Amino acid sequence: LAKTGITPAFLAVPGNHDLMRPRKEDPWYDSYQVVRDKWNRDEETRNNIWKKKTDTGTWKLIQSVFNNYTGWWKDTARSFPRPSGIIDGLLPGDFAYTIEKKGYKIGITGLNTAFLHLGDGARGNLDLHPAQLTSLFGRRHDDWIDAHDMCFLLTHHPISWLSGRGKTEYNRDVAPAGRFLLHLC
């Protein structure tokens, strides 16, 4: 592509194969299961993540399972270098990026849907939270959207893999009608 004068913007969100799941014999396996189980029934666990309480075991665990992905994503020496100007979000893989081409501004928002894919039985149990969007832009995410001619949402998992709460928050707060032209997953 470089020989043709085209410089692609390589953008990626992590999926379930981009995180390191513990094996049953790993010493942290039990805490891994606790995080997944507590997430769906404990609002305080969810709120601590969105407040980025880095001292919580939940936050440290989510960060650690994506260490390989984060290292790869931030490696500027790879064959497709990370574009400059990316806004990083709260979770590994959450980002916003603007592509300007021929007078058009295209916004790409990537959100991590794999952070709860910590084992089997993920379909219908994953989440996508409005705080992932507000961590990118504060409460002014619609201002960022409006400053673009079109915006796309990029996730690994489709909406059908989200929990009931996740689907509600997706439709109401993350991607209400008209916010994104297309959701790519």
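The values are calculated or read from the model by the stated rules, or taken from the named source; none is laboratory data. What you are looking at is a predicted structure, and each value in this text was computed from that prediction instead of being measured. Heads up, the Cβs are rebuilt from the backbone with ideal geometry, glycines too, and the neighbour counts pull from every protein chain shown. The accessibility values were calculated without ligands, DNA or RNA, using every heavy atom of the protein model including side chains. Shrake-Rupley method; radii C 1.70, N 1.55, O 1.52, S 1.80 Å.
Couple of notes before you dig in:
- For the residue pairs 24/60; 101/167; 38/60; 38/167, the C-alpha atoms sit more than 25 angstrom apart in 101/167.
- For residue 94, residues with placed amide H under 5 Å, excluding near neighbours: 89, 112
- The phi-based Karplus calculation (6.51 cos²θ - 1.76 cosθ + 1.60; θ = phi - 60°) puts the 3J(HN,Hα) values of the stretch 178-183 at x, 6, 10, 5, 8, 10 Hz, whole numbers, x for Gly and Pro.
- Ranking by accessible area, most exposed first, for 142, 173 with a 1.4 Å probe: 142, 173
- Each Lys or Arg adds one and each Asp or Glu subtracts one; over the other residues with Cβ under 13 Å from the Cβ of residue 149, this totals +1.
- Karplus (6.51, -1.76, 1.60) ³J(HN,Hα), θ = phi - 60°, over the stretch 158-167, in Hz, Gly and Pro reported as x: x, 4, 4, 8, 7, 5, x, 5, x, 5
- For the stretch 103-112, backbone phi angles converted through the Karplus equation (6.51, -1.76, 1.60; θ = phi - 60°) give residue-by-residue couplings of x, 9, 10, 10, x, 10, 10, x, 10, 7 Hz, Gly and Pro being listed as x.
- Shown here are the Rg and Dmax of the Cα trace of the stretch 69-175, at 14.7, 45 Å.
- Near residue 150, the amide H atoms lying under 5 Å from its own belong to 105, 107; only residues 5 or more places off or on other chains count, and H is placed 1.01 Å from N.
- Once the chain from residue 44 to residue 102 is taken as fully extended at 0.36 nm per residue, the excess over their C-alpha distance is 16.2 nm.
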